[in-house]
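Some notes on the structure that comes next.
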């Protein structure tokens, strides 16, 4: 088996593991996973769960004699969401936190930053974030396999170093192991190219079952952004024993870069700069020498018309020293610049954050 190390992981769990009979939640396959989560947290690691299963959990409560309509599926999701969360909570003596997302939430810059901040605070308070698609309102999110990609987006927004996709087969194979006895497991993928996608159901291949294509799409998103990705069999208890030992009992997709360098690339080159924040020498030293966040007390001048969540350059003495995402818009930042963090609420009437740019959303240039 390949070996891996990690500190913050997103674990994607599908409906086949949450509700294996298709109509209610079950603990049949979750006990070993729950033990892995608890042991990993006790070892000082951080975990976020992306869980399917709300529609399946609510199916028995919304009786239909025909193919369910979109509205009926949304009713199933609304009822099943509570059942799914209760099913998770019974495995842990620490709190579980529900986070419902849609694709639009992740595309919107302000909401993206808010999601990142929320996940960070949930982890800081030692709760287990459980992310799911908001199936009650997002029609297009009710497609099979969408939570694989939601797992990837969650790993990106949470700045995880690892995505673990729990499947009902051992990993990526050379063919469909349920149809071809000659199929062999591919233990490691260093580059995701057309040949890898072809294994998931391209022309002339046979593996196009079990939602493998969406799993490869998720791995592609993550590995290109510095996040290693694993596909493992979530139905086997020994899978999680191996993971606890740092072994990969499935397929490991190697990251193309480190999370830090991928984040640096995204902030430095992808995001358009919407403004500039000039800081004093003390703030510069805190950022450069101590790895601190930017506080309002160190801000001396502001340029540009930026919104909350926009990318801004941080300058000192005419030189750009950093780039990051502002937690305040220009108008509010003009009001709190030079002031102490404790005074933000009294000046603005509210407090989004104690810092202007958090160190997790900043790269030094």
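The values are calculated or read from the model by the stated rules, or taken from the named source; none is laboratory data. This one's a predicted model, so the numbers in the text were calculated from it and none came from an experiment. Note that each Cβ is placed from the backbone with ideal geometry, even for glycine, and that neighbours are counted across all protein chains shown.
What to note about this one:
- Residues (touching a residue at least 24 places away in the same chain (Cβ under 8 Å), farther than 17 Å from residue 250 by Cβ and surrounded by fewer than 16 Cβ atoms within 10 Å (Cβ to Cβ)) located in the stretch 143-190: 144, 179, 180
- Among the residues of the stretch 87-118, those identified as more than 30 Å from residue 311 (Cα to Cα), touching a residue at least 12 places away in the same chain (Cβ under 8 Å) and surrounded by fewer than 16 Cβ atoms within 10 Å (Cβ to Cβ) are 90, 92, 94, 95.
- Near pairs, Cβ below 8 angstrom, 6+ apart or cross-chain, from the stretch 338-365 (on the phi > 0 side of the Ramachandran plot) to any residue that is in a helix (DSSP H, G or I): 338/296; 338/297
- Helices (runs of 4 or more DSSP H) wholly inside the stretch 244-340 containing at least 3 residues that are surrounded by fewer than 16 Cβ atoms within 10 Å (Cβ to Cβ) and under 28 Å from the mean Cα position of the chain (by Cα): 259-265
- The number of residues in the stretch 36-68 that are surrounded by 14 or more Cβ atoms within 10 Å (Cβ to Cβ) and out of contact with any helix residue (DSSP H, G or I) (no Cβ under 8 Å at 6 or more places or on another chain) comes to 5.
- Unique residue being assigned to a helix (DSSP H, G or I), modelled with pLDDT of 90 or more and touching a strand residue (DSSP E or B) at 6+ places or on another chain (Cβ under 9 Å) when the list is 122, 192, 164: 122
- Set 229, 239: member being crowded, with 22+ Cβ neighbours inside 10 Å, touching a helix residue (DSSP H, G or I) at 6+ places or on another chain (Cβ under 9 Å), part of a strand (DSSP E or B) and in the same structural domain as residue 174 (by TED's automatic domain parsing): 229
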